[in-house]
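The values are calculated or read from the model by the stated rules, or taken from the named source; none is laboratory data. Source: prediction; values computed, not measured. Ideal geometry is used to build each Cβ from the backbone, glycine not excepted, and the neighbour counts take in all protein chains shown.
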Amino acid sequence: MAGPQVVIIGAGVVGAALADELSIKGWDNVTLVDQGPLPEPGGSSSHAPGLVFQTTASKTMTELASYTVEKLCSLDVEGEPCFLQVGGLEVATTPARLAELHRRAGWARAWGVAAEVVDPDRCLELAPLLDRDQVLGGLHVPTDGLAKAVRAVQAQVTRAAGRGVRVLERTEVLDVLTEDGRVTGVATSAGELPAEIVVCCAGIWGQKVAGMVGMTLPLTPLAHQLAWTGQVPALAGQTEEALRPILRHQEADLYYREHFDQLAIGYYGHRPMPVGVTEILGVDDAEVMPSVQPFTEEDFAEAWRETNSLLPGTAGAKIEEGINGLFSFTTDDMPLLGESNQVKGFWVAEAVWVTHSAGVGRAMAEWLVDGHCSSFDLHACDVNRFEQHHLAPDYVVARGCQNFVEIYDIKHPLQPMEDPRPLRTSPFYQRQRELGGFFLEAGGWERPHWYEANAGLVDRDNWDIPVPNNDPNDWAAQYWSPIVGAEAQYTREAVAIYDMTALKRLEVSGPGAAAFLTRMCTSTVDKSVGSVTYTLLLDSDGGIRSDITVARLGRDQFQVGANGNLDLDWLTRHLPTGDADGSVAVRDITPGTCCLGLWGPRARDVLQPLTRDDFSADGLKYFRGRQTYLGNVPVTALRLSYVGELGWELYTTADMGQKLWDTLWAAGAEHGLIAAGRGAFNSLRLEKGYRSFGADMTFEHDPWETGVGFAVKADKPEFVGQQAALRRRDRVTRRLSCLTLTRPGATVLGNEPVYSPDGSVVGYVTSAAYGYTIGAGIAYAWLPAELSTPGTELRIGYFDSRLPARVAEEPLFDPKMTRLRS
Ligand code: FAD
Ligand code: THG
């Protein structure tokens, strides 16, 4: 027996894949437990029609899907395949959807999946049932297809069992046993099983199982309608299970697959039907399966009408059967993977589709066995990514239902959720509203994207604010105003305040704080009080966990500027164990504090008169901080700027926030101070070349290829990931590169494919914005090292056009840092 004792709860596609992948990696001290009978224990996998459309905006999700396709293609049960690779076809019946299909084709290609937008004739060839008059085009992905979920369970469970994994069916886990905050086993209907690691793959029962260790999962089981027609005349005599591509008609919330001479029809257009976890029936009480509820015919009427319209050949058929089947939705449409931060050894792999199941099995196995996942970047799937409010039961249900409703909607990358809002507001909210802030949402925070009060700045004639004009559509002009351009340029010429409250702030304190941060950070942070350091947190494989700033406010007190909850989780997990004096504490101070960035060449004119301390260039140098008073307001001032201008981040407690705003506002009047929003902020930071974690770099990237190797010190005391990172130094094969768009006014959105002149896909865009100071669209992109040389001519796929772009020397703005150091 190798590896720790593992119990996997749930033998649906996810649990089965994990058991298989763990055993592939040599862990066989594993027990797979399910309350139902195998291979159809009665969860969502037992009745999923198994459509696998790989394309999404998320690189990770598409890669998880591609791995699933590849793996299931290689599996069979007694010669019967686990995957029918019939291809996928998403059809457009409106011009907006056709444009969207081009965007989706771009995502697929960016993530390495061959995809093509085809004309109506080709759509009809692929799917002859379609009504020629309605179809404007389609997205064809030849490698998509049908997963045979039950067979996939069977194949993977059999393989795992062959490698020594124990399989217990008809065995219900009644409780998860813990001692001193760590898992020790599970209590089942057949007795206790000891375990060092328990993985919850319980699907729609996830909340119940997680609840056994007091963990909240932001997951809602919802019913979703699936129906089967009787014989469709046009399919009569079909002896293959499926020949033609799986089909999506997103305009009407519908999808289709063949089943011999019948069609299965899935529908998302009905009212959301959330089901409380306590309402799910037990294996023995359920009429069919616990995850299947009776079909509500009236909710399907519209689906059938739309089907008869798009696929006229179905008019002669009838709906013969249907179910309202349950599966999990989350608050942000991403799965829930990882270990509880409260109970060691309790892991979850929840809210995973069949589409991503084998990929998730692989990812979880790597994470468990190797301590990190090297095949996929899981930062957006991590179960510890959530803020407290994300776990409110009302929020969980409301977001789950809304995500069901919007599942096929065309969404702009900046489109905020509509409800519940506002949720989190900074102390500046009142003032921001008075200035006509146009608010978007991030991490629950209301954040102005621009201020209508600045409309008058737009017409200053020396400024060039092109309206994004990437014919033939205007996506880049959504959630945009020329005011964004005015605020950006005004910041470079004068001075502006930016609300930085949403930036996660952690306090690391105690006598062991300096030593702890030294062990976690790539740069030297054990410096004088008042020092501020830009540094990285690395994983054990040298991949970037985050880039942070560390400000030493006292001998034993540090303030960390972080990127999100995962940083808090990462630091907390690495706190010294067996540390007798409990010498380090990490605390999230974001909610009780706030921050304004005061930036621009006139920033000092605004600030200096408000304080008795010396804020001259030498009085408080670049990347130094100090505690002071601005009028009556106690602040921590850190001299740095993500927008690349002279100035300070000014922190105070939430109660003093509005006073801070008013104090600066009054002092700034004579210097022309404005408030500026996130639109300008993003443009300025890209001109300055500052990377943003989660967009430009993630767990899968190392510091060297990302261009932040300067923050890794080889000669400092050991830190997490040091050896691995140094080994990766000479192996750079790709680079985060700066592209500028050569066509005037052109702007892209992010996640687009980058093409070489010969038309092959060579990379993908991470962040993009128009650079108002430099007068060109900017797109950061991952490119092969040999194509990252300045001057290289490339093309960016933007909907159905290819925009010329050129690799540029970076940063585009103020490379000598004269602004910041002035
Ligand atoms: P499940 O298959 O539900 O497995 C969880 C298992 O845990 C169950 O077998 C259950 O018995 C067991 N369990 C729970 N609690 C306990 C306990 N206490 N003790 C022991 N065992 C326990 N996805 C796609 O990718 N493509 C599709 O086309 C698609 N169509 C769908 C159509 C319908 C109608 C539905 C309902 C879902 C569809 N899905 C589809 C979603 C997909 O089916 C699910 O996301 C997926 O099957 C979930 O797999 P799982 O292994 O996490 O959960
Ligand atoms: N402010 C603070 N903390 C932060 C951010 C911030 N933490 C998260 C995120 N943003 C970190 N990102 C950056 C990126 C670049 C810089 C600061 C934070 C920066 N870089 C200098 C440079 O590259 O020129 C560093 C120079 C140096 O190391 O001396 O300023 O916005 N508080």
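Per-structure values
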{"item": "Answer from 415, 478, 402, 489 - the residue that is touching a Ser or Thr at 6+ places or on another chain (Cβ under 7 Å) and of a type outside the set (Lys, Arg)", "result": "489"}
{"item": "Residue satisfying all of: in the stretch 6-58; among the β-branched types (Val, Ile, Thr) and in a loop (DSSP other than H, G, I, E, B); surrounded by the most Cβ atoms within 10 Å (Cβ to Cβ) among these", "result": "55"}
{"item": "Cross-chain or 6+ apart pairs with Cβ under 6 Å, the stretch 377-397 first and within 11 Å of residue 332 (Cβ to Cβ) and at pLDDT 95 or above, then in a loop (DSSP other than H, G, I, E, B) and among the aliphatic types (A, V, I, L, M)", "result": "380/334; 381/334"}
{"item": "Enumerated strands (runs of 3 or more DSSP E) restricted to the stretch 620-664, each holding at least 2 residues that are aromatic (Phe, Trp, Tyr) and within 14 Å of ligand 2 (Cβ to nearest atom)", "result": "647-653"}
{"item": "Complete set of residues in the stretch 158-175 that are within 34 Å of the chain's Cα centre (by Cα), under 19 Å from residue 19 (Cα atoms), within 11 Å of ligand 1 (Cβ to nearest atom) and not in a loop (DSSP other than H, G, I, E, B)", "result": "173"}
{"item": "Any hit, the stretch 121-136, residues being within 25 Å of residue 802 (Cα to Cα), within 19 Å of the chain's Cα centre (by Cα) and basic (Lys, Arg)", "result": "no"}
{"item": "Failed criterion for residue 731 (all others in (1) in a helix (DSSP H, G or I); (2) free of Cβ contacts under 8 Å to residues at least 40 places away in the same chain hold)", "result": "(1)"}
{"item": "Contacts under 8 angstrom Cβ, first residue in the stretch 316-345 being of a type in the set (Gly, Ala, Ser), partner within 16 Å of ligand 2 (Cβ to nearest atom), 6 or more apart", "result": "none"}
{"item": "Only one of 747, 740 that is modelled with pLDDT of 95 or more and of a type in the set (S, T, N, Q)", "result": "740"}
{"item": "Odd one out for residue 320 among (1) modelled with pLDDT of 95 or more; (2) part of a loop (DSSP other than H, G, I, E, B)", "result": "(2)"}
{"item": "Residue within the stretch 678-686 that is out of contact with any Lys or Arg (no Cβ under 8 Å at 6 or more places or on another chain), at positive phi and either outside any loop (DSSP other than H, G, I, E, B) or among the small types (Gly, Ala, Ser) (or both) present", "result": "no"}
{"item": "Test: residue 691 is within 32 Å of the chain's Cα centre (by Cα), assigned to a loop (DSSP other than H, G, I, E, B) and either among the aromatic types (Phe, Trp, Tyr) or surrounded by fewer than 23 Cβ atoms within 10 Å (Cβ to Cβ) (or both)", "result": "yes"}
{"item": "The stretch 547-563, residues that are charged (D, E, K, R), more than 8 Å from ligand 2 (Cβ to nearest atom) and either crowded, with 20+ Cβ neighbours inside 10 Å or within 28 Å of the chain's Cα centre (by Cα) (or both)", "result": "552"}
{"item": "Residue check, residue 770 hydroxyl-bearing (Ser, Thr, Tyr), assigned to a strand (DSSP E or B) and over 23 Å from residue 58 (Cβ atoms)", "result": "yes"}
{"item": "Residue list for the stretch 333-367, restricted to those being farther than 14 Å from residue 198 by Cβ and either within 16 Å of ligand 2 (Cβ to nearest atom) or part of a strand (DSSP E or B) (or both)", "result": "336, 337"}
{"item": "The stretch 26-54: number of residues that are away from ligand 1 (no atom under 13 Å from the Cβ) and under 30 Å from the mean Cα position of the chain (by Cα)", "result": "1"}
{"item": "Members of the stretch 516-529 that are assigned to a loop (DSSP other than H, G, I, E, B) and within 14 Å of ligand 2 (Cβ to nearest atom)", "result": "522, 523, 524, 525, 527"}
{"item": "Qualifying residue in the stretch 54-68 (condition: under 25 Å from residue 174 (Cβ atoms), away from ligand 2 (no atom under 16 Å from the Cβ), touching a residue at least 24 places away in the same chain (Cβ under 8 Å) and polar (S, T, N, Q))", "result": "no"}
{"item": "Test: residue in the stretch 469-485 that is touching a residue at least 12 places away in the same chain (Cβ under 8 Å), surrounded by fewer than 23 Cβ atoms within 10 Å (Cβ to Cβ), within 16 Å of ligand 2 (Cβ to nearest atom) and outside any helix (DSSP H, G or I)", "result": "no"}
{"item": "Total residues in the stretch 256-270, condition crowded, with 21+ Cβ neighbours inside 10 Å and within 16 Å of residue 324 (Cβ to Cβ)", "result": "3"}
{"item": "Flag if residue 608 is part of a strand (DSSP E or B), more than 35 Å from the chain's Cα centre (by Cα) and not small (Gly, Ala, Ser)", "result": "no"}
{"item": "Residue in the stretch 207-226 that is among the hydrophobic types (A, V, I, L, M, F, W, C), touching a residue at least 12 places away in the same chain (Cβ under 8 Å), more than 10 Å from ligand 1 (Cβ to nearest atom) and under 30 Å from residue 96 (Cβ atoms) present", "result": "no"}
